[in-house]
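The values are calculated or read from the model by the stated rules, or taken from the named source; none is laboratory data. Just so it is clear, the model here is predicted, and its values are computed rather than measured. Because the Cβ atoms are built from the backbone with ideal geometry, glycine has one as well, and the counts that use them run over all protein chains shown.
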Amino acid sequence: MKRSEHFRGIVIKRLKQAITNWLNHEHPRSELPPVNFSQLLADIRPGDVVLVEGRTRISEVIRVITQSRWTHSALFIGAPATYYGTPLYEQLMRYWSGSPQAPLVLEGLLGQGTVLNPLEQYAGDNLRICRPKGITKDDTQRVIQYAVDALGTEYDFRQLLDLARFLLPWALVPRRWRSTLFEVHAGKHTKTVCSTLIASAFSAVRFPILPHIFKANDGSIRLKARNPKLYTPADFDYSPYFEVLKFPPLPMTQVGLYSELPWEDGVVLDPDNTTPRTDEREKSEDST
């Protein structure tokens, strides 16, 4: 019996690893970067939320579930060296073996869990920065500390499936499977996903993302916090409490500069953004 259970455990482990590898397969980046990464690197601040248009198969799943191009979120921590001499520095360096000068993001990744990675790894990807408006320096540090305390936790793929069941009109998994979205656990979670952890960190300092706003019986305006497990990366983009920063590859730094952009006349792209269509081809197709 023990031998069969051991064999079953090995099979399940290998199957999970195979599925994880398949879901983490990345499509190649576009030839031209969609954002000005050097400008982003110069402007980003610790506590900013980085939204990523992912290129993996798991990103395609999340894109279908959330109906948004933003399939991943990460919290910008900054360079560990900026925290030198503090307990946070020691904590970061236990999970980061690279240079303490490297600007880092904290993120939850399938197959890796909650980890630190260099922001540089996203150079060439489509990115957007969401900056919490008016947050204090002390609360920014508390948000970062909350997230850093979660380093090493596993990625909760089950939560992703449950979120799909909650958001989509059709079920990806059988309804008889018990949802984990509304479970309440004592203490800290042992598993999480990227947007849930970040939402929990901001909720810990009572910074709003997309709260439920209502009028109390006395006529005052009150807020109710949302379940952090229901947040998706796009919610930081939708939130009126976060400033959205974009870094176009061709910056519009002067009035009227758009008129000097190098447009290709007489050519448009098909919906897949890859097939050129000339004016002559459009006229021919319209006449048929």
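Take the conditions closer than 26 Å to PRO132 by Cβ and exposed (fewer than 14 other Cβ atoms within 10 Å of the Cβ) and apply them to PRO248. Does it pass? Criteria met by PRO248. If the condition is being touching a helix residue (DSSP H, G or I) at 6+ places or on another chain (Cβ under 9 Å) and not aromatic (Phe, Trp, Tyr), then the range 228-245 contributes PRO228, LYS229, LEU230, THR232, PRO233, ALA234, ASP235, VAL244, LEU245. If only residues of the range 22-33 that are within 17 Å of the chain's Cα centre (by Cα) and in contact (Cβ under 8 Å) with a residue 40 or more places away in the chain are counted, the one that is nearest to THR136 (Cα to Cα) is ASN24.
Among the β-branched types (Val, Ile, Thr), in the same structural domain as TYR241 (by TED's automatic domain parsing), closer than 25 Å to TYR146 by Cα and in contact with a Pro (Cβ under 7 Å, 6 or more places away or on another chain) - does that describe any residue in the range 72-89? There is at least one residue in the range 72-89 that is among the β-branched types (Val, Ile, Thr), in the same structural domain as TYR241 (by TED's automatic domain parsing), closer than 25 Å to TYR146 by Cα and in contact with a Pro (Cβ under 7 Å, 6 or more places away or on another chain). Within the range 212-244, being over 18 Å from GLY108 (Cβ atoms), at pLDDT below 95 and either buried (at least 17 other Cβ atoms within 10 Å of the Cβ) or not hydrophobic (A, V, I, L, M, F, W, C) (or both) holds for HIS212, LYS215, ASN217, ASP218, GLY219, SER220, ARG222, LYS224, ARG226. Scanning the range 58-96 for residues that are modelled with pLDDT under 95, surrounded by fewer than 16 Cβ atoms within 10 Å (Cβ to Cβ) and not aliphatic (A, V, I, L, M) yields GLU60, GLN67.
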